[in-house]
Structure formats: C-alpha cells, structure tokens
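Asker: Before we start, here is the structure in question, set down as structure tokens.
Where a number appears in this text, it was derived from the coordinates with a stated rule and is not lab data. Predicted, not measured: the structure shown is a model, and the values here were computed from it. We place every Cβ from the backbone using ideal geometry, glycine too, and count neighbours over all the protein chains shown.
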Amino acid sequence: MKQIIVIGCGRFGTSVAKTLTKLGYDVLVVDNDAETVKELSEYVTHAVQMDATDEASYKSIGIKNFDVAVIAIGSNVQASIMATVIAKEMGVPTVVAKAQNEIHGKVLGKVGADKVIYPERDMGVRIAYNLVTPNILDVIEFSSDYSIIEIVALDEWGGKTLRELKLSHTYGLTVIAIKTGDNINISPYADDVIKENDVVVILGDSDNLRRIKES
C-alpha cells in the first residue's frame, strides 16, 4: 500500500487528502495552521503542523519513507518550490506539485516535480466545455493543442458505426473508448456501433474537438 504525504491543506490539498484516505491509502497531511491540522486529523491517517520550508521537520517525519508527495501549497509560490525541492532531494520517488500558472509550473518541473497540475485552469476548462456543450462530462487538457474529452453520445450518433460517423476523416479525431453501461470497449473498431447514451472518449486537436458541437 502506497504511503502519501500531502503538503498544504487548502481546499485542493484537503480534497486530495480526504479522497486518497477514502480510497484506502495511508495519508499524512502537513500544514502550518494548527486549526486546519486538528480538523483534518479526523479524516486522514496522520496530521502534522509544521513549516513546509523547514528541512529538519521533513527529516523528523521521515519523508523519505513516502512513495508520493503532493505539494498542494496555495498562494506561497516560494514555499511550494522549496517543498518540492526538499521532497525530491530527500528521496520521495514521485512528487506531484500544484501550480498557479504556467511560469510557476515550469519552475516546479525544473526543480524536480515529476508531475505538475493546474487545478484552477483545468476546472476552468471543464466548466467552459460544459457551458457550451452539456454532453461533455470531462476534459483532460494535455496542452493548448491536444485534449481528451469524455462525452455522452450526441443524438445523431445513435445507431451509427464509427466508420459512418467519420470522426477521424472529418475532424482528425480518434475514438479511444466507448462505454456502454459498465462495459468499456477500448480501441474500438471502425464497424463498432455507438448506442444511445453511450459515453465516448475521444482524443484530438482541441480546435477540432470544439467542432463536435457543430456536427
């Protein structure tokens, strides 16, 4: 079982910590606010109040024994960078760091973060897509150019094969999965049929994905 440390317990860090605990992982949360630590202690495996930039404190909690560190520090950019450096230098195999913006993210990547996430940006992308296309359930944006979307099959798709829809030919999009109830068809064939209410997972250029709404 992986042991995970979450450093910084604002809304994002708290959500991550509680969710991981519910999934059965051992989770230690760290924050400099005593009240926050006290509240979270009821929901996670361990909770510790400490300065996220103090190297000695990390040694005292045995950070090197953790498999994953989630650096979820909010507005203090310097603290998030220092925590990332310390976690990586002390031997945590996987460091996931939250970034406020692209520049912050680039710095985190250069100082050792294995994965940089942008919660506010990604949520904004999801909300924007849902506003204009209610069928879209989720969006994973790899870059400004490419995304994966999870979309409930449009009415006009029902009963048609992928070959008939011509998503690849017309839009340059690739259907990577079709979910029918609890069944998932990975890498479907051209002659596979999309049924009403199926959930379709599509990879492609972000501009072309937006054109689905107009199809």
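Asker: Which value, to two decimals, describes the C-alpha radius of gyration of the chain once divided by 2.2 N^0.38 Å?
Answerer: Details: Rg = 21.0 Å, N = 215, 2.2 N^0.38 = 16.9 Å.
Rg over 2.2 N^0.38 Å, computed on Cα atoms: 1.24.
Asker: What does the charge count around residue 5 come to, taking other residues whose C-beta lies under 10 Å from its C-beta (Lys +1, Arg +1, Asp -1, Glu -1)? Walk me through the intermediate numbers first.
Answerer: Details: positive: none; negative: 26, 67.
With Lys, Arg at +1 and Asp, Glu at -1, the net is -2.
Asker: Also, I was wondering about something else. Check cross-link reach from residue 59 to the lysines: straight Cα distance under 29 Å, and skip same-chain residues fewer than eight apart.
Answerer: 2, 18, 22, 38, 88, 98, 106, 110, 115
Asker: Where Lys and Arg each count +1 and Asp and Glu each count -1, what net charge lies around residue 14 among other residues with Cβ under 15 Å from its Cβ? It would help to have the intermediate numbers written out before the result.
Answerer: On the way: positive: 11, 18, 22, 38, 98; negative: 31, 33, 35, 39, 42.
Combined, the nearby Lys, Arg, Asp and Glu give 0.
Asker: Could you work out the helix-only [θ] at 222 nm for the chain, with each DSSP H run of four or more residues adding -39,500 (n - 2.57) and the total divided by the number of residues, to the nearest 500 deg cm²/dmol?
Answerer: Values: 9 runs with 75 residues, N = 215.
Helix-only estimate at 222 nm: -9500 deg cm²/dmol.
Asker: Could you run the Karplus curve 6.51 cos²θ - 1.76 cosθ + 1.60 with θ = phi - 60° over the range 51-66 and give me ³J(HN,Hα) per residue in whole Hz, x for Gly and Pro?
Answerer: Values per residue, Gly and Pro as x: 7, 5, 10, 9, 4, 4, 5, 5, 5, 5, 9, x, 4, 5, 8, 8 Hz.
Asker: Between the range 51-69 and the range 13-40, how far is it from one alpha carbon centroid to the other, in angstrom?
Answerer: The range 51-69 and the range 13-40 have Cα centres separated by 15 Å.
Asker: In the range 16-113, which GluC sites (Glu not before Pro) fall in coil by DSSP and have 14 or fewer other Cβ atoms within 10 Å? Let's see the in-between values first.
Answerer: Numbers: sites: 35, 39, 42, 55, 89, 102; in loops: 42.
Passing both the DSSP loop test and the Cβ count: 42.
Asker: Counting pairs of alpha carbon atoms under 8 Å apart in space and at least six apart in sequence, what relative contact order in percent does the chain give?
Answerer: Numbers: 401 pairs, mean separation 28.1, N = 215.
Here the relative contact order equals 13 percent.
Asker: With a bin width of 10 angstrom, please list the P(r) values of the range 1-92 as percents of all Cα-Cα pairs, from the 0 bin to the one holding the largest distance.
Answerer: Going out from 0 Å in 10 Å bins, the range 1-92 shows 18, 57, 25, 0 percent.
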